[in-house]
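A.B. asks: Sending over a structure as structure tokens; questions will come in a sec.
Readers should treat all values here as calculations from the given coordinates under stated rules, not as data from a laboratory. Note that the structure is predicted; figures quoted are calculated from it, not measured. Note that we place each Cβ from the backbone using ideal geometry, even for glycine, and neighbour counts take in every protein chain shown.
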Amino acid sequence: MTQNPWTIVSEKNVYSNPWIALTEYDVINPNGGKGIYGKVHFKNIAIGVMVLDEAMNTYLVGQYRFTLNAYSWEMPEGGCPVGSSPLDSAKRELLEETGLMAEEWTELFQMHLSNSVSDELAIIYLARQLTQGTAAPEETEQLEVKKIPFAEMVKMVDDGRITDSMTVAAVYKVQLLLLQGKLN
């Protein structure tokens, strides 16, 4: 089904800041009932960078995530302002968070992160052929960076030590590509 079965009766902008906007809709649902629906609109594209060096090591970024009230290990991630180059944003985030620069970049996939309440789009890249530079995290970031074997990152996803959705999806995508012999 490609036709929208929802009818919007009215909409109200509830909240907005430089990163997100929240809109509440009065709707008629697909079965004809009246209701409300909230949508969080993201003003940036989410960017993730899975890093693999020649020895099949990867880099994790650890930080305390305010929204989770917990520490989180994940691949380097950040935002791309709409209208900017996602690849340039990925390169900036990788350098900013880890100090790494990559010669080889491949877009792995795009995904919607929570499509029941949000329109947030994520683009995930694979970065290879690395050189080390100097990290320069933003003032809101207190980061710890660690280099680990990719196989250990898979274990961290499998046992729940990594729960970030973009990282989980990227780990399984890279693992699949490795098993298919499409990466070496």
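A.B. asks: Placing unit charges on C-beta atoms (Lys and Arg positive, Asp and Glu negative, everything else neutral), compute the dipole magnitude of region 44-179 about its Cα centre in debye, rounded to 20.
C.D. replies: 260
A.B. asks: Over the alpha-carbon set of region 44-179, work out the extent along each principal axis and list the three values in angstrom, largest first.
C.D. replies: So the three principal-axis extents are 39, 32, 28 Å.
A.B. asks: So, one more: Nearest 500 deg cm²/dmol is fine: what mean residue ellipticity at 222 nm does the chain get from its DSSP H runs of n ≥ 4 alone, each adding -39,500 (n - 2.57), divided by its residue count?
C.D. replies: Mean residue ellipticity at 222 nm (helix-derived): -6500 deg cm²/dmol.
A.B. asks: Could you calculate the contour length gain from LEU183 to GLN132, that is, 0.36 nm times the residue separation minus the distance between their Cα atoms, to one decimal place in nm?
C.D. replies: Full extension from LEU183 to GLN132 adds 16.2 nm.
A.B. asks: What are the residues whose amide H is under 5 Å from the amide H of TYR125, where those residues sit 5 or more places off or on another chain and H is modelled from the backbone?
C.D. replies: Counting only residues 5 or more places away or on other chains, the set is GLY48, VAL49, MET50, LEU108.
A.B. asks: Same structure, new question: Which GluC sites (Glu not before Pro) does region 89-149 hold that lie in a coil by DSSP with at most 15 other beta carbons within 10 Å? Walk me through the numbers before you get to the answer.
C.D. replies: Numbers: sites: GLU93, GLU96, GLU97, GLU103, GLU104, GLU107, GLU120, GLU138, GLU139, GLU141, GLU144; in loops: GLU120, GLU138, GLU139, GLU141.
When the GluC sites (Glu not before Pro) of region 89-149 are filtered for loop state and at most 15 Cβ neighbours within 10 Å, GLU138, GLU139, GLU141 remain.
A.B. asks: Check the straight Cα-Cα distances from LYS182 and name the aspartates and glutamates below 16 Å, setting aside those fewer than 8 residues away within the same chain.
C.D. replies: Here the aspartates and glutamates satisfying the reach criterion relative to LYS182 are ASP53, GLU54, GLU104, GLU107.
A.B. asks: Along the charge dipole of region 1-95, Cβ charges K/R +1 and D/E -1, which of TRP6, MET50, GLY78 sits furthest on the positive end?
C.D. replies: Ranked along the dipole, the leading option is TRP6.
A.B. asks: Here is a further query. Tell me, in nm to one decimal, what length is gained between VAL82 and LYS155 on full extension, where the rule is 0.36 nm per residue of separation less the Cα-Cα distance?
C.D. replies: 22.8 nm
A.B. asks: What does the extension gain come out to for VAL9 and SER114, with contour length at 0.36 nm per residue minus their alpha carbon separation?
C.D. replies: 35.4 nm
A.B. asks: I would also like to ask the following. Cut-off under 17 Å on the C-alpha distance; same-chain residues fewer than 8 positions from LYS147 excluded. Which lysines are left, in chain and number order?
C.D. replies: Hits, sequence-local ones excluded: LYS155.
A.B. asks: Leaving out same-chain residues fewer than 8 places away, which aspartates and glutamates sit with a Cα under 14 Å from that of LYS39?
C.D. replies: Cα-Cα hits under 14 Å: GLU11, GLU24, ASP26, ASP119, GLU120.
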